[in-house]
């Protein structure tokens, strides 16, 4: 992954995580996330793996969205992106959409948790030596 991409993923990791799920899911899970801000290293590793895959999907669809000529095209692209993002999350072993959303919301409200995830993003995004 190029250095520029690593930087973008790292600096926007939590924003992507939060924005990657439908708003209705996020709002219904906020209370649960605030109550349970303690997550194991293993669980955060799984979450971060999904987060990076979601970032790839969002990047792919971002370009398509920018090239859309009408609101209808944008809506169709957004729907496809949301479907693929949901599939990526649900296909990640050991993670559900609800748990992904819960961790995302908790990280947006907890700077310590946010930093734990950012460190994982950096480690997983670093080029292999």
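Run down 14, 103 and say which single residue is modelled with pLDDT of 90 or more and either within 14 Å of the chain's Cα centre (by Cα) or over 20 Å from residue 126 (Cβ atoms) (or both).
Being modelled with pLDDT of 90 or more and either within 14 Å of the chain's Cα centre (by Cα) or over 20 Å from residue 126 (Cβ atoms) (or both) holds for just one of 14, 103, which is 103.
In segment 44-102, which residue that is outside any helix (DSSP H, G or I) and without any contact (Cβ under 8 Å) to a residue 12 or more places away in the chain is surrounded by the most Cβ atoms within 10 Å (Cβ to Cβ)?
68
The values are calculated or read from the model by the stated rules, or taken from the named source; none is laboratory data. Here the structure is a predicted model, which is why all the values come from computation and not from measurement. Cβ sites come from the backbone with ideal geometry, for glycine too, and all protein chains shown count toward neighbours.
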